[in-house]
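Novice: Can you read through this structure? Questions will come right after.
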Amino acid sequence: MRITVFTLALFFSGLALGADARTTAAQIQQATETFLRSFAEQQAARGFDVHFQPGSLDSRLALAPCSQPLAVVFTGDPWKSSRPSLQVSCSGERPWRLFVTPSLTIHGPGLVARRPLARGEVLTPDLVTATTMVLNDSHRDILSEVGDVAGMVVRRPINPGVPITADLLEAPNAVSRGDHVIITARAGAFAVTSRGKALADAAVGEQVLVENLRSARTIKATVIGPGRVEVPM
């Protein structure tokens with residue numbers, strides 16, 4: 001969806017390049033700057049530092065006049081790209097829309113590894129440290145809260161100083177293959193429990209096959225905690 005400021009591949013209806021065109025490139029740029037400044041202020045209140053350049057538009061650009069204030073929204077995730085796309089649109093009598101691509105960086109605390117981390121290692125707070133970095137120059141989510149990583153398991157080796165991203169970690173198994181588990185069959189406030197055996201490893205929130213030790217039936221259940229699974233009744 002990204003549109004460069006020079007090719008100006010515009011997707012809108014009611015394009016007007018004649019004498020009655022009243023929405024200028026300067027007005028569109030002002031609306032974009034106002035939107036980005038508001039976003040920067042919101043993030044500053046959360047402890048993040050945002051720098052942006054709205055980019056330049058062809059000064060000859062002229063669109064149909066808009067009887068409503070121009071609407072600006074992100075159509076790309078600013079936390080996953082330093083070039084997120086913006087949609088600027090008019091919902092007036094002669095509606096139109098166009099896309100622009102500003103330059104935007106978000107600086108803030110991110111977690112990095114203190115030392116080499118091996119696959120399968122369980123993270124503890126002393127294994128990571130927070131440092132200021134650009135958080136949105138990668139399509140991966142850089143984690144910033146120690147509480148988000150403590151107890152998580154490393155999926156693949158991480159070198160010292162490498163940002164800790166969500167795709168590098170996985171939740172620890174709450175049940176392991178062969179474990180005896182408590183099966184809860186629930187219908188509203190009514191619940192019945194029985195004992196079972198897990199047939200695979202699984203983390204909280206994942207589904208796992210469980211053998212009911214009373215009936216010998218194999219059922220698919222959702223892991224709700226260490227040694228506990230649940231099925232709908």
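The values are calculated or read from the model by the stated rules, or taken from the named source; none is laboratory data. Just so we're clear, the structure is a prediction, and the values are computed from it rather than from any experiment. Note that we place each Cβ from the backbone using ideal geometry, even for glycine, and neighbour counts take in every protein chain shown. Just so you know, the surface numbers come from the protein's heavy atoms only, side chains and all, with ligands and any DNA or RNA stripped out. Shrake-Rupley method; radii C 1.70, N 1.55, O 1.52, S 1.80 Å.
Novice: In whole percent, and with a 1.4 Å probe on the protein chains, what portion of the accessible area of the stretch 14-111 is carbon and sulfur?
Specialist: Carbon with sulfur: 50 percent of the solvent-accessible area.
Novice: Starting from the amide H of Ser85, placed 1.01 Å from N in the peptide plane, find each other amide H under 5 Å away whose residue is 5 or more places distant or on another chain.
Specialist: It is Thr75, Gly76, by chain and number.
Novice: All other residues with a Cβ under 14 Å from the Cβ of Leu61 taken together, and with Lys, Arg as +1 and Asp, Glu as -1, what is their net charge?
Specialist: Around Leu61, the surrounding residues sum to +2.
Novice: With just the Cα atoms of the chain, tell me how far they stretch along each of the three principal axes, in Å, largest first.
Specialist: Principal extents (Cα only, largest first): 82, 45, 30 Å.
Novice: Hey, another quick one. What accessible surface, in Å², does a 1.4 Å probe find on Arg217, ignoring ligands, DNA and RNA and rounding to the nearest 10?
Specialist: 150
Novice: Something else now. If DNA, RNA and ligands are ignored and the probe is 1.4 Å, what is the ranking of Glu41, Glu170, Glu230, Glu93 by accessible area, most exposed first?
Specialist: The most accessible residue leads, giving Glu93, Glu41, Glu170, Glu230.
Novice: Let me ask something else. State, as an integer percentage, the relative contact order of the chain based on alpha-carbon contacts under 8 Å between residues 6 or more apart.
Specialist: With pairs under 8 Å counted, the relative contact order is 14 percent.
Novice: Return the carbon/sulfur percentage of the accessible area of the stretch 147-226, one whole number, probe 1.4 Å, all protein chains in place.
Specialist: 50
Novice: Between 0 and 90 degrees, rounded to the nearest ten: what's the tilt of helix 25-44 against the longest Cα principal axis of the chain?
Specialist: 30
Novice: Which order do Ser194, Ser67, Ser56 take when ranked by solvent-accessible area (1.4 Å probe, heavy atoms of all protein chains), largest first?
Specialist: Of Ser194, Ser67, Ser56, the descending order of accessible area is Ser67, Ser56, Ser194.
Novice: Right, next: Step through the residues of the stretch 190-204 one at a time and calculate ³J(HN,Hα) from phi using the Karplus curve (6.51 cos²θ - 1.76 cosθ + 1.60, θ = phi - 60°), rounding each to whole Hz and writing x for Gly and Pro.
Specialist: In residue order, the calculated couplings are 8, 9, 10, 10, 8, 9, x, 10, 5, 9, 7, 7, 7, 9, 4 Hz.
Novice: Could you list the trypsin sites (Lys or Arg not before Pro) in the stretch 80-140 that lie in coil according to DSSP, counting only those with at most 16 other Cβ atoms within 10 Å of their Cβ?
Specialist: Counting only loop positions with at most 16 other Cβ atoms within 10 Å, the trypsin sites (Lys or Arg not before Pro) in the stretch 80-140 are Lys80, Arg114, Arg119, Arg140.
Novice: In nm², what is the average projected area of the convex hull enclosing the Cα atoms of the stretch 148-233?
Specialist: 6.6
Novice: Using a 1.4 Å probe and ignoring any ligands, DNA or RNA, find the accessible area of Thr132 and quote it in Å² to the nearest 10.
Specialist: 110
Novice: Sort out for me the Cα centre separation of the stretch 116-142 from the stretch 153-205, rounded to whole Å.
Specialist: Comparing the Cα centres of the stretch 116-142 and the stretch 153-205, I get a distance of 21 Å.
Novice: Turning to a different aspect of this structure: Using each residue's phi in the stretch 74-84, evaluate 6.51 cos²θ - 1.76 cosθ + 1.60 at θ = phi - 60° and report the 3J(HN,Hα) Karplus result to the nearest Hz, with x for Gly and Pro.
Specialist: 6, 10, x, 6, x, 8, 10, 7, 8, 10, x
Novice: May I pose another question? I'd like the accessible area for Met233: 1.4 Å probe, protein heavy atoms, all chains in place, Å² to the nearest 10.
Specialist: 120
Novice: A further question on this structure: Could you provide, to the nearest whole Å², the per residue accessible area of the chain with probe 1.4 Å?
Specialist: Here the per-residue accessible area is 55 Å².
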